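Q: What follows is a single structure, and I will ask about it in a moment.
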Ligand code: GDP
């Protein structure tokens, strides 16, 4: 069993497709172990994406991520990190496999509906960024 952090970004919440996204996770066997809705401050978005602080899109990305509410979840399952990223599709929706969340819903490389951790170390760090152990169901 593995845990990963998932975020439905402001564009996903704005498009009213929270249910569609969660259905895709659940139908592939991922189980929600924590869930909250929150509007990130600019500082929280900058902290979360600190790894990208030198990238040209950092300013725009953190503006976008703090522009409206997001849904933040801990997903658990076998190979959850890889499975979640498979369900999401490639970062650039134009390269995302058909039937993935990003292929179906993203409108640009930045406005790509969902975030998912990319490795066990980042998953642990990202989960701890938003949740305490007490918030995560056994
Ligand atoms: P992810 O792990 O698939 O989310 O991709 P990355 O970690 O590489 O990038 C983080 C987020 O930054 C992506 O999900 C996009 O929202 C955004 N992003 C990535 N690459 C670009 C880019 O070239 N331009 C812009 N504007 N945003 C980008």
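Q: Taking 8 Å as the Cα distance limit and 6 or more residues as the minimum spacing, I'd like the relative contact order of segment 12-138 as a percentage.
A: Values: 149 pairs, mean separation 32.3, N = 127.
Rounded, it is 25 percent for segment 12-138.
Q: So, R0 is 41 Å and r is the distance between the beta-carbons of residue 121 and residue 15; what FRET efficiency does that work out to, to 0.05? Let's see the in-between values first.
A: Details: r = 31 Å, r/R0 = 0.76.
Step by step, r from the Cβ atoms, then E = 0.85.
Q: Give me the distance in nm between label points sitting 7 Å out from Cα along the Cα-to-Cβ direction at residue 78 and residue 1, one decimal.
A: For residue 78 paired with residue 1, the spin-label model returns 1.4 nm.
Q: Also, I was wondering about something else. Once the piece of chain linking residue 60 and residue 41 is laid out straight, how much longer is it, given 0.36 nm per residue of separation minus the C-alpha distance between them?
A: Numbers: separation 19, 0.36 × 19 = 6.84 nm, distance 1.37 nm.
Extending this stretch completely gives an extra 5.5 nm.
Q: How far apart, in nm, are two points set 7 Å out from the Cα along the Cα-to-Cβ line at residue 28 and at residue 110?
A: 2.6 nm
Readers should treat all values here as calculations from the given coordinates under stated rules, not as data from a laboratory. All figures in this text were calculated on a predicted structure; none of them were measured in a lab. Counting neighbours? That spans all protein chains shown, and the Cβs are built from the backbone with ideal geometry, glycine included.
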